[in-house]
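In what follows, a single structure is set out as structure tokens and then discussed.
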Amino acid sequence: MLSGLVIVDKPQGWTSHDVVGRMRRLAGTRKVGHAGTLDPMATGVLVVGINKATRLLTYIVGTSKTYTATIRLGESTVTDDAEGEVTATRSAAAVTEDAVRAGVAALTGEIEQVPSSVSAIKVNGERAYARVRSGEEVKLAARPVTIHRFEVHGIRPARGGEALETDVLDVDVKVECSSGTYIRALARDLGESLGVGGHLTALRRTQVGPYTLDQAHTLEQLAEHLDVLEMSQAARALMPNRELSDEETTEISFGRRIAAGVAAGTPDAATPENPAAAFAPDGTLVALLADKGSYAKPVLVFAPDNEKRAATEPAAEQQAGQ
């Protein structure tokens, strides 16, 4: 059975669900999921899991993400991106490069971010964007996110702005952030801090955890050749590694505990939320392990002839909005 990760370069205009549907047809299986939604406007890295590898998706969802983006200053939209109607225009002619860089610096580090009102976050059981489309005013609570890096790569006069009499600026940026960060909310907040409003006009995700755009393939390329990152390779790149002896491999394959890893009792110890990938002497991925006291116990077992889920296993297809 084909199992592994596929690093897709998502095309503009496709939803993440569209990509999953296409991958189901290409892989010939229904068991396909993705590790973190990309908006239809966005392009770039979408990590897709096939069959057994869907069990790894939960651990990929929470990893940091990296994006390149263009922020337009001088125009605000209802969706905080280019897909929404322009709601306000203010001249950005007086905005200086120093002011932009100061605004970016203020949005770097640990911040409280209010997600876009048209996000997929549920409010009383209904998606926020559905409530907005029905005419309801939605105010979402701020949530903590971490902006590890927010760099300005260029500032230039925009072309194609909605308001002919308004000066608009396009700011090209690179953002590395924690899971759950909304890049369009960064665009909105930067514009508001400068007093001119702002929205996102382009977004490309270049990295999800250890998986980069260099590894990604377009759907057209995947239709010609389905390039799958094998389970062991995927897990080695994603989490700490533990090499097992033959005896330990046998014990773990049957769900039994073994001696804890060398990091047990330290902040780097494997946990159910951040497990270690355990490999047999031949390099096969056997299980994900968590340390508890002097023992390590399996969170997930991948042994070919004795697969089972441990009681602590998270849901396989959790997804994070972007």
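Quick notes on this one:
- Cβ pairs under 9 Å, 6+ apart, first in segment 79-93 and closer than 7 Å to HIS199 by Cβ, second among the β-branched types (Val, Ile, Thr) and open to solvent by less than 60 Å² (accessible area, probe 1.4 Å): ASP80/VAL118; ASP81/VAL118; ASP81/ILE183; ASP81/THR201; ALA82/THR201
- Conditions (1) in contact with a helix residue (DSSP H, G or I) (Cβ under 8 Å, 6 or more places away or on another chain); (2) under 22 Å from GLN221 (Cβ atoms); (3) not in a strand (DSSP E or B); number of the one not met by GLY103: (2)
- For segment 27-50, the count of residues that are of a type outside the set (Phe, Trp, Tyr), more than 22 Å from ALA235 (Cβ to Cβ) and free of Cβ contacts under 8 Å to residues at least 24 places away in the same chain is at least one.
- The set of residues in segment 41-60 that are closer than 30 Å to GLY109 by Cβ, at pLDDT 95 or above and open to solvent by less than 20 Å² (accessible area, probe 1.4 Å) comprises ALA42, GLY44, VAL45, LEU46, VAL47, LEU56, LEU57, ILE60.
- The set of residues in segment 3-35 that are among the hydrophobic types (A, V, I, L, M, F, W, C) and farther than 21 Å from GLN207 by Cα comprises LEU26, ALA27.
- Segments classed as helices (runs of 4 or more DSSP H), wholly inside segment 215-258, with at least 2 members that are open to solvent by 50 Å² or more (accessible area, probe 1.4 Å) and within 25 Å of GLY62 (Cβ to Cβ): 231-238
- Yes/no for LEU38 being over 30 Å from VAL168 (Cα atoms) and surrounded by 24 or more Cβ atoms within 10 Å (Cβ to Cβ): no
- Meets criteria (aliphatic (A, V, I, L, M), part of a loop (DSSP other than H, G, I, E, B) and open to solvent by less than 40 Å² (accessible area, probe 1.4 Å)) for ALA269: yes
- Selection status of GLY255, modelled with pLDDT under 95 and under 11 Å from VAL301 (Cα atoms): yes
- Residues satisfying the stated conditions in segment 48-93, i.e. assigned to a loop (DSSP other than H, G, I, E, B) and under 30 Å from ALA277 (Cα atoms): GLY62, THR63, SER64
- For segment 202-214, the set of residues classified as buried (at least 21 other Cβ atoms within 10 Å of the Cβ) and closer than 17 Å to SER116 by Cβ consists of LEU203, ARG205, listed by residue number.
Each row is one residue, and each column tells you yes or no for (1) of a type outside the set (A, V, I, L, M); (2) free of Cβ contacts under 8 Å to residues at least 60 places away in the same chain.
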{"position": "LEU200", "(1), (2)": "no, no"}
{"position": "GLY209", "(1), (2)": "yes, no"}
{"position": "ALA216", "(1), (2)": "no, no"}
{"position": "GLU220", "(1), (2)": "yes, yes"}
{"position": "ALA223", "(1), (2)": "no, no"}
{"position": "LEU226", "(1), (2)": "no, no"}
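- Only residues that are open to solvent by 30 Å² or more (accessible area, probe 1.4 Å) and in contact with a Lys or Arg (Cβ under 6 Å, 6 or more places away or on another chain) were counted across segment 167-201, and they come to 2.
- Check on LEU5, open to solvent by less than 30 Å² (accessible area, probe 1.4 Å), part of a loop (DSSP other than H, G, I, E, B) and touching a helix residue (DSSP H, G or I) at 6+ places or on another chain (Cβ under 6 Å): no
- A count restricted to segment 175-214 and to residues that are within 15 Å of the chain's Cα centre (by Cα), of a type outside the set (S, T, N, Q) and part of a strand (DSSP E or B) stands at 8.
- Test: residue in segment 277-295 that is part of a strand (DSSP E or B), open to solvent by 80 Å² or more (accessible area, probe 1.4 Å) and touching a strand residue (DSSP E or B) at 6+ places or on another chain (Cβ under 7 Å): yes
The values are calculated or read from the model by the stated rules, or taken from the named source; none is laboratory data. Treat the numbers as computed from the prediction; the structure is a model and nothing was measured. Don't worry about glycine lacking a Cβ; one is built from the backbone with ideal geometry, like all the others, and counts go over all protein chains shown. Please note that ligands, DNA and RNA were not included when accessible areas were found on the heavy atoms of the full protein model with its side chains. Shrake-Rupley method; radii C 1.70, N 1.55, O 1.52, S 1.80 Å.
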